[in-house]
1. Kindly indicate which of VAL248, VAL223 is touching a Pro at 6+ places or on another chain (Cβ under 8 Å) and either farther than 30 Å from VAL148 by Cα or modelled with pLDDT of 95 or more (or both).
2. Looking only at segment 96-109, decide whether some residue is of a type in the set (Ser, Thr, Tyr) and farther than 22 Å from GLU41 by Cβ.
3. So, of the residues in segment 211-243 that are of a type in the set (A, V, I, L, M) and not in a loop (DSSP other than H, G, I, E, B), which turns out to be surrounded by the fewest Cβ atoms within 10 Å (Cβ to Cβ)?
4. Please give the helices (runs of 4 or more DSSP H) falling wholly within segment 102-188 in which 3 or more residues are more than 28 Å from GLN355 (Cβ to Cβ) and among the polar types (S, T, N, Q).
5. Working carefully through the options LEU296, LEU251, find the one that is closer than 17 Å to ASP210 by Cβ, outside any loop (DSSP other than H, G, I, E, B) and in contact with a helix residue (DSSP H, G or I) (Cβ under 6 Å, 6 or more places away or on another chain).
6. For segment 374-395, give me each residue that is under 18 Å from CYS18 (Cα atoms) and among the aliphatic types (A, V, I, L, M).
7. From (1) more than 19 Å from LEU138 (Cα to Cα); (2) part of a strand (DSSP E or B); (3) out of contact with any Gly (no Cβ under 9 Å at 6 or more places or on another chain), pick out the condition that doesn't hold for ALA246.
8. Scan segment 273-324 residue by residue and report those that are in contact with a Lys or Arg (Cβ under 6 Å, 6 or more places away or on another chain) and over 30 Å from GLY123 (Cα atoms).
Amino acid sequence: MNKTYLFYDLETTGINKCFDQILQFAAIRTDESLNELERHEFLVKLNPDTIPTPKASITHHISIEKANTGICEYEAVKKIFQLINTPNTISIGYNTLGFDDEMLRFSFYKNLFPAYDHQYKNGCQRADLYPIVSAYFLFADEVLDWPVNEKQKVSLKLEDLNSKNSLFLQGRAHDAMTDVVVTVELAKRLKKHHEKMWVYLMQKFDKAEDQKSLSLLDKGLEVDGQSYTQGIMVSGSFGYDAQFMAPVINLGQHWHYKNQWCFLRLDSENLPQIMADNQPEMLWSINKKWGDLPLLLPAKKRFAAKLSAQRIKLIQSNKQWFQENPHFFIEAREAILDYKYPQIENIDIDAALYQAGFMNAAQQKLCDQFHKSDIAQKITLMQEMPSDYYQRALRVIGRFASECLPPKMQQEFQQHLEMVANFGDMDRVVDYKGQPRISLPDAYEQIQQLRLESHLTDEQNFLLDELENYLSS
């Protein structure tokens, strides 16, 4: 069966994937030749336990009043889950693997859907146009006109690429559908002018094909009688100063997270001092999952030629130093391969995706029943759920139909809302990184800072006034 691309974009209440929520979803499905097949777009009502981030509000320009004309988050997430898990779908956007995909994973998890099915099940996979554009800039720069920012550096921002290349000049940046249309037009431009490169880069998002990259890497370093291969990683996140590239040494498979491979950047400055001070955390290590970012290329001359003479000299110097000080390299390698993510205390149930693990068959069956049932049946099924599933289900129903909950459950959900609105710092819950949920005082302070420090339009001032009134109520 042929693949389809689902180009999509999200506008959200902020950038915290655990505590923020989707406000707007837009998607265009195309065939493999990028011909449009269907469109989807909808707004999402604000949850009663979401505190929007003021900066996000003046960026996407979605008022609370407008958002609340949309559907509830649970129904929105159900629709997105069905779209993105349609068999043989490649979900793709611009920097979606850097933000949107993780936001979706947490949205699925919070609403009792499998968080990872769209990555591998039923022929589905993910891709991202952002690193592909980075690669075109490096190796086929004639395809686009490249915008330059105020610092005279090439900008890979979607709105700048759109403006410079006249991809789609209707609509406004940070409107989900506008950004999706621009992304589709950008993909068409890249594919049309260098299809062979398009096919090669898209294969990097296929897990099996991407892992084959390991066999293409050349020997780059020998330490204490053991050889290590080298490669070049490409990602927009590395920045223009690094030419969106990072030279790396392959350290091997992570000892605990078997789906991750570990690499060490070879262009770390002051390497001897870092190691002498016993600060391996200062090294630039990169954990890569196959089919995910960054893109891994062999360190062939045609790719390495994009590295400056100064960086090549630094790489050679660092290699030599590791060969002369093998115990430092071995210590750093073992520390990186053995590193475990810390267990976070006081983590909120909505933020515990990475500590919860995958659903087992029984949990999957129970959640499927939950999604197919009416509210009364949902409430009955909750009694059979393990504690963490029960708590998530309580919030799901509480957010869109709290009046349907029995009195005891209504009280539990009300306690959750009071915790969110709590002004104190002592009992604030945190996400998987240990970061606290935004509080009401935080939001008020950010509103005032934006008013003092930013040149706001009348519309942005209106949005901040609306948000302040909403938080006060």
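1. Answer to the check: VAL223.
2. Yes, segment 96-109 has at least one match.
3. Of segment 211-243, the ones of a type in the set (A, V, I, L, M) are 214, 216-217, 221, 223, 232-234, 242.
With not in a loop (DSSP other than H, G, I, E, B) added as a condition, the list becomes 214, 216, 221, 223, 232-234, 242.
Working: LEU214: 16, LEU216: 13, LEU221: 19, VAL223: 19, ILE232: 22, MET233: 21, VAL234: 25, ALA242: 16.
Out of the qualifying residues, it is LEU216.
4. Details: elements: 117-120, 129-139, 158-165.
Of the helices (runs of 4 or more DSSP H) lying wholly inside segment 102-188, those with at least 3 residues that are more than 28 Å from GLN355 (Cβ to Cβ) and among the polar types (S, T, N, Q) span 158-165.
5. It is LEU296.
6. Our first condition is that a residue be under 18 Å from CYS18 (Cα atoms); within segment 374-395, this holds for 388-395.
Once the filter is applied, which keeps residues that are under 18 Å from CYS18 (Cα atoms) and among the aliphatic types (A, V, I, L, M), segment 374-395 yields ALA393, LEU394.
7. ALA246 satisfies every listed condition except (1).
8. First pass over segment 273-324, keeping only residues in contact with a Lys or Arg (Cβ under 6 Å, 6 or more places away or on another chain): 284, 290-291, 295.
Hit for segment 273-324 is TRP284, nothing else.
The values are calculated or read from the model by the stated rules, or taken from the named source; none is laboratory data. Just so you know, these numbers come straight off a predicted model, no measurement behind them. Backbone-built Cβ (ideal geometry, glycine too); neighbour counts: all protein chains shown.
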